[in-house]
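Engineer: Just passing along the structure, written as structure tokens.
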Amino acid sequence: MNSQDPIKILYLEDDIGLARLLVKNMERSGINADIAKNGAIGLQMIAQQEYDVIVTDQQMPAMTGLEVIEELTRHENTPPIIMLTGAGNEKIAVDAMKLGASDYIIKDVDGVYLNLLPSAIRQVIQQRRLIRERQQALLDLQESEERYRTLFNSSHDAILLFIPSGQFVDGNPAAIKLFGCKDHASFLKLTWDAVSPDYQPDGMLSFTRVRELIDLTINEGSQFVELAYRTVDGQVFPALVSLNVTNLRGAKVLQANIREISKQKLTEQILHKQATEDPLTECFNRRHFFSLAVKEIALSESENTTLSVIMFDFDLFKSINDTHGHNVGDIVLMEQTRRIRSILRPSDIFARYGGEEFVILLPKTTLENSHATAERIRKFVEEPIKANETELVSTISFGVASKESQESISIDKLLDRADQALYLAKSRGRNSVAAWNEVTGQAG
């Protein structure tokens, strides 16, 4: 019933005078009451219409109040029942409660019980409402847990539950498979630290990173990050992870939804390689070189450091292609760039500028040191190359230019200086190194 609807009760009483007295008393309290003069009639009336509460006397012809209660409680959705019994018959009241009555009231000769009955009726209605709400809440919770468990078990993403210390307390089949566990029992022996490599890709200790994420999730809410994990046999893999706080059997735990992304990362690496590298020599391409060089120039100016550029060109490379074929020419380019790369520092930026022309940007390097690097490369690449049973020598000419520590210059201007120096090296007979200060006639 709605809490705003009038209350309607059925009173089973064979004493019509008492019954009418009770009805009038109920009306004054805003309660509508019907009368049944015995148990059989009462059961018929209950079968035909709905009542909020049944009030029954014990002593009635043909069928006692206890027998009425016993019959009613065999059926579902029976309304609350209040037993009225005389003083000294407390055992009947106890038996009524055992059979399923919601309450009982002892009738007294002064009729005080009539004043107690309205509040008792409202109380049992409220109790019944609370019981039903609790039952519905439990049903909803059970359905919710069943839906969650279905999604949990069928999810293609790994889902694991763990306590703040990092100990796993549950995991779905996808999680057990992802980490290479034999079964659920072996999975529950794991901790977050056990499935993390020593370091994350950003260089942070996994232990530190995990503790940081757990604290952020607990204090600030859901977190979405990329982490590296490790299977039980030591295989490291990347994953996207969603972390949040949830409930497990009344206790707060952390839930991690984990999606392994090795294939996506490989695809990203391939696409990045295609976008930034020359496919033949695996040097950076011209476009990527400029994007990196602009940043290095800006950094050099902000830190007041030197920076150098070496531009070089393969001598008489067209004759190699014409004489031995383009396949041999490609082998020469690949071998010579491999040799050059072995000399350079990790911070140096090596790129194919176009055709057989290449460029190297050397951060924090003076003109003198970059000239020395170019000379080392020149001598190293003079070594013969074996290509398709053909042994040949390929020489290179170099132009070197530098940005002084206090100088402000664009990458285009710096490359132009190196190109002029390269032209000077070519004009000297090739296989040589020339610097920009030689072009201008300035002292080195």
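Engineer: When you go through (1) over 55 Å from the mean Cα position of the chain (by Cα); (2) not in a helix (DSSP H, G or I) one by one for ASN77, which number turns out not to apply?
Structural biologist: (1)
Engineer: Which one of these does ASP330 not meet: (1) among the acidic types (Asp, Glu); (2) in the same structural domain as ILE411 (by TED's automatic domain parsing); (3) without any contact (Cβ under 8 Å) to a residue 12 or more places away in the chain?
Structural biologist: ASP330 satisfies every listed condition except (3).
Engineer: Give me the residue from the stretch 365-391 that is modelled with pLDDT of 95 or more and of a type in the set (Gly, Ala, Ser) and, out of that set, nearest to GLU407 (Cα to Cα).
Structural biologist: It comes out as SER370.
Engineer: Taking only pairs six or more apart or across chains, which ones have beta-carbon atoms under 7 Å, a first residue in the stretch 81-104 that is assigned by TED's automatic domain parsing to the domain that holds ILE125, and a second residue that is of a type in the set (Asp, Glu) and part of a strand (DSSP E or B)?
Structural biologist: ILE82/ASP103; LEU84/ASP57
Engineer: Go through the stretch 16-42 residue by residue and tally those that are more than 20 Å from ALA93 (Cα to Cα), assigned to a helix (DSSP H, G or I) and touching a helix residue (DSSP H, G or I) at 6+ places or on another chain (Cβ under 8 Å).
Structural biologist: Qualifying residue count for the region: 3.
Engineer: Out of curiosity, is PRO238 over 30 Å from GLY354 (Cα atoms), assigned by TED's automatic domain parsing to the domain that holds PHE179 and modelled with pLDDT of 90 or more?
Structural biologist: yes
Engineer: Oh, and also: Suppose we filter the stretch 84-119 for residues that are loosely packed, with under 15 Cβ neighbours inside 10 Å and in contact with a Ser or Thr (Cβ under 8 Å, 6 or more places away or on another chain); how many remain?
Structural biologist: 1
Listed here are the residues, each with its yes/no results for (1) among the small types (Gly, Ala, Ser); (2) modelled with pLDDT of 85 or more; (3) surrounded by 13 or more Cβ atoms within 10 Å (Cβ to Cβ).
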site: GLN135; (1), (2), (3): no, no, no
site: GLU143; (1), (2), (3): no, no, no
site: ASP170; (1), (2), (3): no, yes, yes
site: ALA174; (1), (2), (3): yes, yes, yes
site: LEU188; (1), (2), (3): no, yes, yes
site: PRO197; (1), (2), (3): no, yes, yes
site: PHE207; (1), (2), (3): no, yes, yes
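Engineer: Can you tell me which of PHE179, PHE207 is without any contact (Cβ under 8 Å) to a residue 24 or more places away in the chain and touching a helix residue (DSSP H, G or I) at 6+ places or on another chain (Cβ under 7 Å)?
Structural biologist: Answer to the check: PHE207.
Engineer: Go through LEU240, LEU271, LEU216 for me and flag whichever is within 30 Å of GLY329 (Cα to Cα), out of contact with any Phe, Trp or Tyr (no Cβ under 7 Å at 6 or more places or on another chain) and surrounded by fewer than 16 Cβ atoms within 10 Å (Cβ to Cβ).
Structural biologist: Going through LEU240, LEU271, LEU216 in turn, just one is within 30 Å of GLY329 (Cα to Cα), out of contact with any Phe, Trp or Tyr (no Cβ under 7 Å at 6 or more places or on another chain) and surrounded by fewer than 16 Cβ atoms within 10 Å (Cβ to Cβ): LEU271.
Engineer: Would you call ARG74 within 22 Å of MET45 (Cβ to Cβ) and in contact (Cβ under 8 Å) with a residue 60 or more places away in the chain?
Structural biologist: It is false that ARG74 is within 22 Å of MET45 (Cβ to Cβ) and in contact (Cβ under 8 Å) with a residue 60 or more places away in the chain.
Engineer: Anything in the stretch 293-314 that is within 19 Å of ALA351 (Cα to Cα) and buried (at least 19 other Cβ atoms within 10 Å of the Cβ)? List them, or say none.
Structural biologist: ALA293, GLU296, ILE297, LEU307, SER308, VAL309, ILE310, MET311, PHE312, ASP313, PHE314
Engineer: List the residue pairs whose Cβ atoms are under 8 Å apart, where the first residue sits in the stretch 335-349 and is basic (Lys, Arg), the second is surrounded by 14 or more Cβ atoms within 10 Å (Cβ to Cβ), and the two are 6 or more positions apart or on different chains.
Structural biologist: What qualifies is ARG339/ILE377; ARG339/PHE380; ARG339/VAL381; ARG341/CYS283; ARG341/PHE350; ARG345/LEU362.
Engineer: Keeping to the stretch 21-57, report how many residues are surrounded by 14 or more Cβ atoms within 10 Å (Cβ to Cβ) and either out of contact with any Lys or Arg (no Cβ under 6 Å at 6 or more places or on another chain) or aliphatic (A, V, I, L, M) (or both).
Structural biologist: Residues flagged as surrounded by 14 or more Cβ atoms within 10 Å (Cβ to Cβ) and either out of contact with any Lys or Arg (no Cβ under 6 Å at 6 or more places or on another chain) or aliphatic (A, V, I, L, M) (or both) within the stretch 21-57 amount to 25.
Engineer: Of all residues in the stretch 365-396, which are over 54 Å from the mean Cα position of the chain (by Cα) and surrounded by 18 or more Cβ atoms within 10 Å (Cβ to Cβ)?
Structural biologist: The answer is SER394, and nothing else.
Engineer: Can you list the helices (runs of 4 or more DSSP H) found entirely within the stretch 289-386 that contain at least 3 residues being under 21 Å from ALA425 (Cβ atoms) and among the β-branched types (Val, Ile, Thr)?
Structural biologist: Helices (runs of 4 or more DSSP H) meeting the threshold: 326-343.
Engineer: Further question on the same structure: Pick from the stretch 48-63 the residues that are assigned to a loop (DSSP other than H, G, I, E, B) and not polar (S, T, N, Q): which of them is nearest to the chain's Cα centre (by Cα)?
Structural biologist: Checking each candidate, the answer is ASP52.
Engineer: Please go through (1) in a strand (DSSP E or B); (2) under 56 Å from the mean Cα position of the chain (by Cα) for MET97 and return the number of the only condition it doesn't satisfy.
Structural biologist: The single condition MET97 does not satisfy is (1).
Engineer: Please give the number of the condition LEU254 fails out of (1) touching a residue at least 24 places away in the same chain (Cβ under 8 Å); (2) touching a Lys or Arg at 6+ places or on another chain (Cβ under 8 Å); (3) surrounded by 15 or more Cβ atoms within 10 Å (Cβ to Cβ).
Structural biologist: LEU254 satisfies all of (1) touching a residue at least 24 places away in the same chain (Cβ under 8 Å); (2) touching a Lys or Arg at 6+ places or on another chain (Cβ under 8 Å); (3) surrounded by 15 or more Cβ atoms within 10 Å (Cβ to Cβ) except (2).
Engineer: Is the stretch 319-331 home to any residue that is under 24 Å from THR276 (Cβ atoms), in contact with a Phe, Trp or Tyr (Cβ under 8 Å, 6 or more places away or on another chain) and modelled with pLDDT of 95 or more?
Structural biologist: No.
Engineer: Within the stretch 407-416, is there a residue that is over 48 Å from the mean Cα position of the chain (by Cα), buried (at least 17 other Cβ atoms within 10 Å of the Cβ) and closer than 17 Å to GLU296 by Cβ?
Structural biologist: No.
The values are calculated or read from the model by the stated rules, or taken from the named source; none is laboratory data. Please read these numbers as outputs of a predicted model, since none were measured by experiment. Cβ coordinates were reconstructed from backbone atoms using ideal geometry, including for glycine residues, and neighbour counts include every protein chain displayed.
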